[in-house]
Structure formats: structure tokens, C-alpha cells
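Scroll down for the structure; my scribbles are underneath it.
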Amino acid sequence: MKCFLSLSIGEKEFSFLRGFRKRGYVVVRELKTYPIDRINMISSKREDVYVNYASSFSYFDVQNVPRMSKKVLPLYLRKRIDDMGIMKEREDFFIKYRVVEETEEILKVAYFTAPRREKEKIFQALQSRFQILKLFTLKMCAIARLLSHITRKINVAVFKDGGETLCVFNRDGVIYHVHVSRTEISDVELESAIRYFEENFHERLKICFLIGEEVQKEYNISVPVCSPFFGNLIRGINNRDANNFASVLGNLFVTDEENLLPEQYTSLVKNLHLSKRIGVCFFIFSFIFLVLAVYNLGIIHNLKRCYEIKRAVVEREIDHINRSRPSEEEIRKLNAFINLYRTFLDEPKVTAVTVWFCKNTPRNIRFTNADMKMENGSLNISIKGMALGNYEGAKQSFILLLNRMKTHFILQDKVFNYTGSGGFFSIKCIRKKL
């Protein structure tokens, strides 16, 4: 919730307001008026500061001008003011303008002017008093902007400023004309000002607003007269106080189009705000990194403890393994046993040979004699048998047996003789590794 300080500086006194914005409303906490010599008592505590001042002289107008470049338009308006002789006897002046409507050929321009030296003097005094200014504008601009949130119709605001009575003709924050009366304005003078406005600006006035207690009277004029109602905008004060301090409240509704702060100053303020945001971001990130560093230090400490524990366990296991390792003599005996076992596995097995012949011998072959001997690490086999059946069947069975044996045995000798009772054969071979 951002708080603000709003000031309206007059010739002899100033008013100020403290409050904050909440849900579209302006909530007022403090609202007072003091003599101008007590303005140094006002200080800002990290608040947005909004200021308007009553210029010793100002001129407002709305004119149709030929369409031209935005760079040329200020020069055109300055020459027009010089030609009218408004500021000839005065010091240098500034111009603030905005384009209200535009067509292909015509620009409808609302502009105002006031003495430059007076504005700069007040601005420098404020700049030395307050750290950051959010708004700096004319009093009449603040009142016109406030009324634009009350009605969209064209109206005249009548209020006192010092010893003068001002009639500000405006709509949607645009001031068309200002009529100044040196004394309290009469019905005739106010009606005359309305007629002048309607004839010169071709606009029909809809309503007259009375701002402040000094002008609260019944005017007999051609348009309705009333005090504005601010209940939809303000909280914390009654409508009477809001009406008496309308210029202070109006600061909160002024747009950049009426802001008189120098461009260099606004750029500096924006960069300052940006720098503050960047600084806050850096602080947040630094804090996050600090928290992560502390958190990771705890993790690293725990990991280091786990590492030391695991390292001690591994060292104990290695020591146990070293103590449990067999001696060289035991290893030599174990290797000798392993080699012996491998030799045993590589030697031919009688059982394996017998099993092979049982599985691969044709049905009509009968073995009558088998002799197996180990010589030089090889199994020499000599077998005799008979193949039953006629000659062709016995011969084929014998050849089939030989073909099967070739894959597992090295054949050395084979004999086959057929008689009337069958084929007798003998085979000598050496066993391959099965």
C-alpha cells in the first residue's frame, strides 16, 4: 500500500493531504491548511509527493490549427501567443499542449502557458525539500482533472484563488478558457463569461460547479449550479471537506499531459526507481544464494561425515581381506590342484563314450566286443559288431554309424564283411573331445 503527500501551494497559504489509495478510492488520513511561511514543517517519509501551485499568470486555450509536425507545433503555438501579445510584458514563458482531436487537415490543440522563471523557482524549492516529486502542475489543471472524474459534460468550475474568483471552463480534464474576476463574481459577470465561452468555442455549457466555501451562494444563471459530489472517489472525509480541498485532491488524478516536471528529472526518477528495483532484486538473490550456501554447507558436512564413515569401513574391510589372504605356499598348492582338475576334465571319459554310442548307434547294429585303452592322453577304441538285415540295409547302417562317428572320433581302421546271417565289422578309432 503506497502512501502519498499532496500539496496545493497558494500565494499566502498552502494545503496538504496525506493518505493512500485502496480499491480505486483515495483514503484520506490527514488534511490541513497552513500559512505559506510554515511550509518547511512538511516533510515526506518515503511518500509519493504531488504538488500544484497557483501561478501569478496563466493562459489556457483550445484552438484549431493546420496539421503539422509535432516538432513544429510548439514553435507555432509560441508565435501565436507572441502575436496575441499575452506575454509581451512578462518574462519568458513555457508552453504545455496536447492534441485533443485530429483530422487529415486540422489539429484541435489544447494548450496553456505560464511564466517559466516562477515555475523553476518553485520547482527548485520543492526539489531541495523533497527527495522525489511524482507530480508538479498548475492548480487549475488539478481541479479540472478532478472534475473529469465527476462528469464527462462540459462544465465551469468557480472557485477562489487568493483575492480573485476564477471560472475554469473544462471538459475531460481539458481547460478551454479561464475567466478571472478581481472581486466576488456576480450573476451578471458569470452569465456574461458563459455567453462568451459558448459563442467563441461553440460549446453548450451543461453545469456550474462551486468549489470551496468562499463561493457557496445561489447564482441565478442559465445553467444548473451545484457543489460536486466526491463520494465515489474519496474515503475518510466528508464531501464538504473534499470540496474545500478539491485542488489538493485533484493532484491525484492529473495525467502526464499536465505534469510540468522536467524530462531530465522524470528520467532520473525512473532510473532511480529502476535502480532501486534492481537493488532489491540483487538483495533478494543474494539472500537466496546465502540461504542455499548455508543449506549446501550442511549437506556437504553430512556428506563428508558419511564419506569418513564409509572410508573407515572400507579400510577395515581391506585390512580384514589382507589378513585373510592365503600364503604363497597355499596358493601354489591350490593352483596345482586346479591344474590337476582341469587335466581330469580334459581326459576322455569312458562313460561319455558309452553314452554317445547308446544314443547314436543305428537299431540294427549289435556290438559284440569293445576295447578302450588310454595311451598318451588319448582314448584308443576298438569295437566289433554285426549289422542285421540284408546286404544293402546292413551296409547302409554301417556307413551311417561311420558318418556319425566322424564328428567325435578319429577313424583309423574299418572292416565290413557280409555273410548270409549279416554284416560283420570292426572299427578302430581315437576319441575326440566331446
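Taken together, the values in this text are just the output of simple stated rules run on the coordinates, not laboratory data. Predicted model, so just to flag it, every value in this text is computed and none were measured. No Cβ is skipped: glycine too gets one built from the backbone with ideal geometry, and neighbour counts run over all protein chains shown.
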Inset, instruction - Please list the non-local residues whose amide H lies under 5 Å from the amide H of Phe424, H modeled 1.01 Å from N, same-chain partners needing a gap of 5 or more. - result: Ala387, Asn417, Tyr418, Thr419
Inset, instruction - With Rg/Rh (Cα atoms, Kirkwood Rh) defined as stated, name the option among (1) 1.79; (2) 0.97; (3) 1.08 computed from the structure displayed. - result: (1)
Legend entry - Neighbour-count order for Phe93, Phe245, fewest beta carbons within 10 angstrom listed first: Phe93, Phe245
Inset, instruction - Among DSSP beta bridges whose residues both lie in the chain, state the antiparallel percentage, nearest 5. - result: 80
Inset, instruction - May I have the pair-distance distribution P(r) for the range 200-255, computed from all Cα-Cα distances with 10 Å bins from 0 and rounded to whole percent? - result: 21, 43, 31, 6, 0
Legend entry - Where N is the number of residues in the range 346-431, Cα Rg divided by 2.2 N^0.38 Å: 1.08
Legend entry - Residue-count net charge about Gly19 - beta-carbon cut-off 12 Å; Lys, Arg +1, Asp, Glu -1: +3
Legend entry - Candidate aspartates and glutamates - alpha carbon under 20 Å from Lys310, same-chain residues fewer than 8 apart omitted: Asp319
Legend entry - Under-5 Å amide H pairs with Asp161, H placed in peptide plane, nonlocal only: Leu166
Inset, instruction - Tell me, rounded to the nearest percent, the portion of alpha carbon pairs in the range 3-261 spaced more than 24 Å apart. - result: 48
Inset, instruction - Name the long-range amide H neighbours of Leu260: under 5 Å, sequence gap of 5 or more, or other chain; modelled H, no Pro or chain starts. - result: Phe136, Thr137
Inset, instruction - Could you check which residue among Val178, Val49, Val72 shows the biggest mean-square fluctuation in a GNM of the chain with a 10 Å Cα cutoff? - result: Val72
Inset, instruction - Write down the radius of gyration of the range 154-258 and its Dmax, each obtained from C-alpha positions, in Å. - result: 13.7, 41
Legend entry - Neighbourhood net charge (10 Å Cβ-Cβ; Lys/Arg +1, Asp/Glu -1) for Ala387: +2
Inset, instruction - Report Rg/Rh for the range 262-325, rounded to two decimals, where Rg is the Cα radius of gyration and Rh the Kirkwood radius. - result: 1.64
Legend entry - FRET efficiency estimate (nearest 0.05) - Cβ-Cβ, Ser327 to Lys414, R0 60 angstrom: 0.60
